[in-house]
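Below is one structure, written out as structure tokens; comments come after it.
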Amino acid sequence: MTRVLVTGGAGFIGSHTVDALLARGDEVWVLDNFNDFYDPAIKRANAAAFSGAHVVEGDLRDEACLDALFAEGQFDGVIHLAAMAGVRPSLVDPLLYEDVNVRGTLLLLERIRRCEGCRFVFASSSSVYGSNEDVPFKEDDDIHRPVSPYAATKRAGELHAFTYHHLYGIPTSCLRFFTVYGPRQRPEMAIHKFVRMTLALEALPFFGDGTTARDYTYIDDIVQGVVAALDRCDGYEIYNLGESQTTSLAELVETIAAALETEVVLDKQPMQPGDVVITYADVSKARERLDYAPQVLIPEGVARFIDWYRTEGPGVKA
């Protein structure tokens, strides 16, 4: 049995990861502070559904909490998903993002280095590629020009993880996630927001001319990659986890409208600071080393999300 700590385990990606680990018989601890970045009740409902996980409510920056947690669990692996998320909010409060995403990661690494044999999986982001126009993005691309504080903190996390691997031999996998979506997706993210607003007959915020494109990645595919990155964690490696397909903003809106069998109204706005034109993952490294095999393309994934939203999503009465 593997003993795993999942930080941010009550969130979107975290809760699905915890479910997968529990399903295969791992002993799982969850650390989450249930903050109000979005409705904490959503995360509490996710945590309440865990069958057998040890849930600890605490902040990543609380050193006493971390010490107690590591004293209780001699972890074989740590999957670090806790972070302040989102490009645009990071422009409003960059110091908070730095404190949580960088200092918080360092505090965690300080505990991991004292935990013999513990593997480390760090959740990075496609945002680290910045305004890179050489697509698809490869893990060894030059990424020295992040265009948001969020992106800068995620790249800093990768660098600190390498330093701790170099100094203390911590086996480390850094995972660059590409626009993850699916059941339990955060409410402010595009697919969740667009479905909710379309059903409410509200105009959709539409930034730019609709040609910006994202590599939307379904949650089940991401979780397969996360678990494989834990199991095959050796040395220091960075992996892209995406669908390796791109969908423009205009195409996304059309897909959602078709799935809901309705028309949408657009609230057209200029491009936002910190946004990039495209994200597009080269996943050949993850395919080769992790047997990563994304399966769910955007039309099917959107349909699955809508089914979940209508039956189990926020606001649906039990």
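Read-outs throughout are calculated quantities, based only on the coordinates presented, and are distinct from any laboratory measurement. These figures come from a predicted structure and were not determined experimentally. All Cβ positions, even for glycine, are placed from backbone atoms using ideal geometry, and neighbour counts span all protein chains on display.
Per-structure values
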| read-out | value |
| --- | --- |
| Extended-chain gain in nm, criterion 0.36 nm per residue less alpha-carbon gap, residue 263 and residue 113 | 48.6 nm |
| Qualifying trypsin sites (Lys or Arg not before Pro) in segment 109-160, DSSP loop, other Cβ atoms within 10 Å at most 13 | 114 |
| Whether segment 1-117 is rounded, prolate or oblate, judged on the alpha carbon gyration tensor where a/c under 1.5 counts as rounded | oblate |
| Contour excess over end-to-end distance, with Cα ends at residue 271 and residue 91 and 0.36 nm allotted per residue | 63.4 nm |
| Taking segment 92-161 and dividing mean pair separation by its residue count, relative contact order in percent (alpha carbons under 8 Å, at least six apart) | 44 |
| Entries in 43/154; 154/193; 43/268 that, when Cα-Cα distance is taken, lie over 26 Å | 43/268 |
| For segment 272-318 versus segment 61-78, the gap between their alpha-carbon centres in whole angstrom | 31 |
| Full-stretch length increase - residue 3, residue 44 - with 0.36 nm per residue and alpha-carbon distance subtracted | 12.5 nm |
| Pair residue 207, residue 287: separation of 7 Å Cα→Cβ label points (nm) | 3.1 |
